[in-house]
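Single-structure report; data block below.
What follows draws every value from the coordinates through simple rules; no lab data is involved. It should be emphasised that the depicted structure is a prediction, and the values quoted were computed from it without experimental measurement. Here Cβ is always computed from backbone atoms with ideal geometry, including for glycine, and neighbour counts include all displayed protein chains.
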Amino acid sequence: MSTFEEVFGTTPDGAWRAPGRVNLIGEHTDYNDGLVLPIALPNQISVTASAREDGIVAVSSNGQDAVVEFALDSLRPGSVTDWATYPAGMAWILRESGYPIGGANLFVDSDLPTGAGLSSSAALLCATGVALLGLRGIEVDPAEVARLAQKAENQYVGAPVGLMDQMASMCCTAGHALYFDIRAMSTTQIPFDPEADGLTLLVIDVKAPHRHVDGEYAARRKSCENAAELLGVPALRSIAFEELDAALAKLPEDVDRRRVRHVVTEIRRVEDAVALMHAGRLRDVGPLFTASHASLRDDFEITVPELDVAVDTALSAGALGARMTGGGFGGCIIALVETSEADKTFTAIEKAFADNGFRAPTSLAATPSAGASKLH
């Protein structure tokens, strides 16, 4: 394992961190102007950094022998490739937005599982952003850093992502979920502290390879957009839950009806979850998780056998609720369990995966954590 000093031969000026996230509920409502409810994880990406005055940014990471260097003045989309695209993209958008960042040595470390759908890309962008700004003493509102990180991923990396992951990484607080209203662009901190109620939020990485993700995501987004156009609304958020049946009756295609039903009912589940959390009834949130998974499986059709087996096994083992989290077609599930039952639940999932010939899953306990900050 490398260190900053070993790679760059100098002492760092500081270190900054940004966490990964899981979304408790609200999947695939973000591009429909909907509602999401993520928490930040204790797992994070850290960037140890020192300033340099030659306009060069040098980036390396733990486990990487190579150092990638690029000049700030010559940064353009496509000019840096591979994993360094992300720190380069954040440096580019900060400069494009008028922030007077300078050259830097950046050393990236992470305890976020890769490929698990826990927003490692957003965490890397946000950690890079707070490090580059922090080195120069530039204070920027966390939500603005999140918006810049999204722009970097959209315009530099070329990924058409929404804003939820970056907002979670920057704006979450410990012991809370972030209620993010996409249409209003507003956030509210919702009390969510399972440990205090004797509960554990298990995150299970099912280790399933993502299958046909890009085309499938695009097809679902297109279906939602087509349905909104047929219904004469700017986005599916405009359809009230009470008007759902009437809206579905206007759609000629069954696929479109199922996609719309998921989005509208998922938005209602977010609202119900927030009300229960405010009332301190965390155990009653569990059935909403389970209903969300059924909708994602049957109406949105983005689960895979590993996700379904993990959810069904967790419920059979006594979980209060369980669902896939993230974009689907692989990634993770979350399960709300009594803390005394957490080990038993994961052991049951391990056995079920072995019985089905799946790769061995891994788990972590998702303590609702704080957003990006300086480490030292």
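Table for the structure above
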quantity	calculated
Correct option for semi-axes √(5λ) of the Cα gyration tensor in Å [calculated from the coordinates] among [x] 35, 24, 19; [y] 30, 27, 17; [z] 29, 27, 22	[x]
Principal-axis tilt of helix 286-298 within the chain, Cα atoms, nearest 10 degrees	90
Along the chain, longest interval not containing exposed GluC sites (Glu not before Pro), exposed being DSSP loop plus at most 13 other Cβ atoms within 10 Å	254-376
Dipole in debye (nearest 20) - segment 336-376, about Cα centre, beta carbon charges: Lys, Arg +1; Asp, Glu -1	240
Simple label model, 7 Å out from Cα along Cβ direction - ALA184 to ARG76, nm	4.4
With Cα atoms, 0 to 90° folded angle of helix 120-135 axis to the chain main axis	40
Amide hydrogen neighbours beyond the local backbone of ALA104, cut-off 5 Å, H modeled	ARG52, ILE56, VAL57, ALA58
Rough spin-label spacing in nm, given labels placed 7 Å along Cα→Cβ, for ALA174 and ASP254	5.1
Distance in nm between pseudo-label sites at SER2 and GLU96 (7 Å out along the Cβ direction from Cα)	2.8
Under the Karplus curve 6.51 cos²θ - 1.76 cosθ + 1.60, θ = phi - 60°, whole-Hz ³J(HN,Hα) for segment 89-100, x wherever Gly or Pro sits	x, 5, 4, 4, 5, 5, 5, 4, 8, x, 7, x
Overall form of segment 194-365 per C-alpha gyration tensor (a/c, 1.5; a/b vs b/c)	oblate
Potential extension, GLN155-ALA246 segment - 0.36 nm per residue separation minus Cα distance	28.9 nm
Acute angle (nearest 10 degrees) that the helix 254-278 long axis makes with the longest principal axis of the chain, alpha-carbon atoms	80
